[in-house]
Amino acid sequence: MAAVGSAVGPGNMWRFPYQTADGGGAAFVLLYLGMTFLIGIPIMVAEFGVGRTTRLSSIGALRSTGGRGWVPVGYLYVLTSLLIVSYLSVIAGWTTRYALDGMLHGFSSEAGARFAEVSTGPTAVAFHLLVMALTIGIVVLGIKRGIERICLVLMPILFLILISLAVWASTLDGAGPGYAFYLTPSISALKDPTVLQGAASQAFFSLSVGMGIMITYGSYISKHENLSRAALIVSLSDFSIAFVAGLVVFPVIFALGLSGQVTESTLGTLFISLPGAFFEMGAVGRMVGVGFFVALLVASITSMVSLLEVAAAAAIDEFGLQRKTAALVAGALAAVLGVVSATTNGALGVFDQVAGDFFVVVGVLAMSLLVGWRMNEPVKEIATGATEFTARLVPGAVFLVRYVIPPLLAILAVVALRDTVRSFFG
Ligand code: PFF
């Protein structure tokens, strides 16, 4: 459940719709589903396996599995986690603002203008720091059990809220064009390498693979646990929540005539379209809206905790720091980076491009090479605890990790690098 909590977060409700809009709609969704099954799930079991055999956090686990040469990859994971947690904190700050809007005076009628106010400036910084302080506090306490329990209650609630929103969205005028955009693939987009790369990155980001999280969580899993089943549960929950979020966001965008604004700030899709919808829905909308943003906030925090945990656990293992010091140092670094995202226009998008699009692809590529070519008997480790049926699937997954994923990801890493460089220079 903690892994579900890590996977389900703003990636599902904020990043997925925005990436889908960027990637031209339904073709992106199909590719995303394909990448989840073809790469995401095998890599997740691989990460669980590395964590479970070594019982170490990311840097140590890489060193023990692959040798010293793999330590820099561990540092890349730490860097990726810090970058991602820094801007997720800013977004969680926006989420807090919207939850408070709903509670105190209702959502604004001017959704686009309100987003412009909320998303940058001193108050955005203050809310970012508040959320980051809370995350640091949780990592200091190391409340593994607490997180698990929160997730068990929260994820079903979040899912119910999303389903009711999707039902409501289906009654809107304009739901039709929204669904058409979301669910009718264009063949040309299917062949665009940038769209494929974006879909792969989104799958990894959303599943929390490629940055050491599932290694760290895997180190806490018992030998009796069926890793394939665990990865399947995490991935299916994650995909369902993202998919239903799309069923809400796209009809709303089209019904409220926001598609123009969305192309200007696809990154803000969720934070413009949904509060707009909640305003239109009156009193019920206000209640549902508060529920939605509170649930999203908690889902964001369970994801942020897992990210900060990667950096903190590495600092504890590598430098012998106390948990408290480690969490504070890592949190302070992320807090500073987050201030950049909360004050500088466009910085958040750049960080997301570098870490969320490029680094995760490199991270997954490295993991496939490590488990495919360096780890001793990965099939045996991953199949430990599996049922007879799932044990039969494991060699297939390891085959993918060994022969299919590395060349495919090498190509996607080049595409991601090219797009990242382009986003810097224009
Ligand atoms: N998977 C989380 C989400 O989809 O919101 C965010 C996230 C958590 C990304 C942990 C990366 C990560 F390592």
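The values are calculated or read from the model by the stated rules, or taken from the named source; none is laboratory data. On a predicted model such as this, the values are computed, not experimentally measured, just so you know. SASA here: full protein model, heavy atoms, side chains in, ligands and nucleic acids out. Shrake-Rupley method; radii C 1.70, N 1.55, O 1.52, S 1.80 Å.
Table for the structure above
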| read-out | value |
| --- | --- |
| Computed P(r) (all Cα pairs; the stretch 261-342; 5 Å bins; percent) | 3, 13, 14, 15, 15, 13, 10, 8, 6, 3, 1 |
| Residue among G212, G285, G338 with the largest mean-square fluctuation in a Gaussian network model of the chain, springs linking Cα atoms under 10 Å | G285 |
| Over the stretch 181-258, volume per residue of the alpha carbon convex hull, in Å³ | 130 |
| The stretch 150-166-the stretch 198-241 distance, computed between alpha-carbon centres (Å) | 19 |
| Under Karplus coefficients 6.51, -1.76 and 1.60, residue-wise ³J(HN,Hα) of the stretch 128-137 in Hz, glycine/proline x | 4, 5, 4, 5, 5, 4, 4, 4, 4, x |
| Calculated from backbone phi, Karplus (6.51, -1.76, 1.60) coupling profile of the stretch 101-115 in Hz, x at Gly/Pro | 3, x, 5, 7, 9, x, 6, 6, 6, 9, 4, x, 5, 5, 4 |
| With Cα atoms, 0 to 90° folded angle of helix 269-280 axis to the chain main axis | 40 |
| All Cα pairs of the stretch 184-227, percent lying beyond 16 Å | 57 |
| Backbone HN-Hα couplings from phi across the stretch 62-73 [Karplus 6.51/-1.76/1.60, Hz, Gly and Pro as x] | 5, 5, 6, 7, x, x, 4, x, 8, 4, x, 4 |
| Compactness of the stretch 109-179, expressed as Rg and Dmax over alpha-carbon positions, Å | 18.0, 48 |
| Per residue value of the accessible surface for the chain (all protein chains in place, 1.4 Å probe), Å² | 38 |
| Three semi-axes of the equivalent ellipsoid, the chain, Cα gyration tensor, whole Å, largest first | 33, 24, 20 |
| Lys pairs, the chain - Cα-Cα below 30 angstrom, 8 or more residues apart or on other chains | 5 |
| For the stretch 303-364: rounded, prolate or oblate by the Cα gyration tensor [a/c cutoff 1.5] | oblate |
| Taking N as its residue count, the alpha carbon Rg of the stretch 1-103 over 2.2 N^0.38 Å | 1.34 |
| Anisotropy class of the stretch 157-201 from Cα gyration tensor, a/c 1.5 cut | oblate |
| Helix 360-369 vs. the chain, principal-axis angle (Cα, 0 to 90°, nearest 10) | 20 |
| Gyration tensor verdict on the stretch 333-402 (Cα atoms; rounded if a/c is under 1.5, prolate if a/b is larger than b/c, oblate otherwise) | prolate |
| Acute angle (nearest 10 degrees) that the helix 26-35 long axis makes with the longest principal axis of the chain, alpha-carbon atoms | 20 |
| Max mean-square fluctuation residue, GNM over the chain, Cα-Cα springs under 10 Å, options T194, T171, T302 | T171 |
| The stretch 297-426: proportion of alpha-carbon pairs further apart than 18 angstrom, % | 70 |
